[in-house]
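Worksheet: the structure to be examined is printed underneath.
Read-outs throughout are calculated quantities, based only on the coordinates presented, and are distinct from any laboratory measurement. As the structure is a prediction and not an experimental result, all values here were calculated from the model. Neighbour counts run over all protein chains shown; Cβ positions are idealised from the backbone, glycine included.
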Amino acid sequence: MRIRGLVYLIRVKENMKRFTPLISLLIIFIMLTFLSPYFLTWDNLCAIGVQIAVTVILAIGEMMVIISGGIDLSIGSVLALSGIITSVMLVQGHSEELSIISGTLVGAGCGFINGFLISKGKLPPFIVTLGMMGVARGMALVISDGVVISGFSDSFSWWGMGTLFGGFPVPVFLMIVISLIGHLVLRYMRFGRLSYAIGSNSEATRLSGVNVDNYSIGYYTTSGLLAGFAGIVLASRLNTGQPTAGSGYELEVIAACVMGGASLRGGVGTVMGAIIGGLVMGLLRNGSNLLDVSAFWQQVLVGMVIVGAVYWDQHRQHQNSKTLWVAKG
């Protein structure tokens, strides 16, 4: 009976932890509804959706990497590089389709290099992706000559500012489609399901006959691919290619993943969690603007949220270890 009671308590605690991100999101949503009369309007909600679309697209790729036990600090810089590549090609007269595909593939290539050096070269993910952060940002500055690129056709703005179905923002639609694909991959495809096994115990997964290195390369390539596409959406939304775009996005995205339930130790995370984490970050920024909070204090707030998210992840892991120890005892 005692063991059954402990098992029941463990399940209750796990369910509460699972719903903590959603509860936090609802609390912030309700608070902003009461604090600002402009928050719960269609225009503002669409603005939030457009604002978080890039963050969520980045977070889905980052979530795959984190689940597999890695980390990708280069996504913000890869986003900028892909946006610049696409912008330069558009200004040079290349077709919109070729420009978008090229920019996305550049992002995927950066991710592939990250995964190859980490898996085959046995280098630490932190060092490799930190290096790629500098390389991609530097290349974006070199290619653009450090200036903002503009002069796109009106059709390109559809990706970042267009609407569907009589007013539904295209970036939000793209975010939903990519989120659905990401959910199906993680839940039902071997490629996605193995990320949990690799993140939980890579050596045991390797001994079971799985080529862990190739799968890890795949996760980093996916992260780079989505970062590249996010860069194109952002360039379209801003109607300019900016070599400094995406600065600081990597930390915000990692915080969103952790707030959404991912563990920095790997093996835990969902696409829905990435969406919830992205929404939390978006609501905080939007709410700060509506309440006329200084942009400087917004940076302080985001920094505190990042530290808080990492603390929550460590606390959660500690509690899980204690619970398992008690259950075994």
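Ranking H183, H94 by Cβ neighbours within 10 Å, fewest first, what do you get?
So the ranking, lowest neighbour count to highest, is H94, H183.
Compute the relative contact order of the range 85-147 as a whole-number percentage, counting only Cα pairs closer than 8 Å that sit 6 or more residues apart in sequence.
27 percent
Only Lys, Arg, Asp and Glu count, each charged at its Cβ (+1, +1, -1, -1), so figure out the dipole size of the chain about its Cα centre, rounded to 20 debye.
Dipole size: approximately 1700 debye.
If each DSSP helix of 4+ residues adds -39,500 (n - 2.57) and the sum is divided by the residues in the chain, what number results at 222 nm, nearest 500 deg cm²/dmol?
Counting only the DSSP helices, I get -26500 deg cm²/dmol.
Would you order I275, I101 from fewest to most other beta-carbon atoms within 10 Å of each residue's own beta-carbon?
I101, I275
Quick check on the exposure proxy: order F229, F296, F191, F116 from fewest to most C-beta atoms within 10 angstrom.
Exposure proxy ranking, most exposed first: F296, F191, F116, F229.
With an 8 Å Cα cut-off and a minimum separation of 6 or more residues, compute the relative contact order for the chain in percent.
Rounded, it is 32 percent for the chain.
Which whole number of Å³ per residue matches the convex hull of the alpha-carbon atoms in the range 17-328?
141 Å³
What percentages make up the Cα-Cα pair-distance distribution of the range 157-216 when the bins are 5 Å wide from 0?
Values per bin, smallest distances first: 4, 17, 19, 13, 10, 9, 10, 8, 6, 4, 1.
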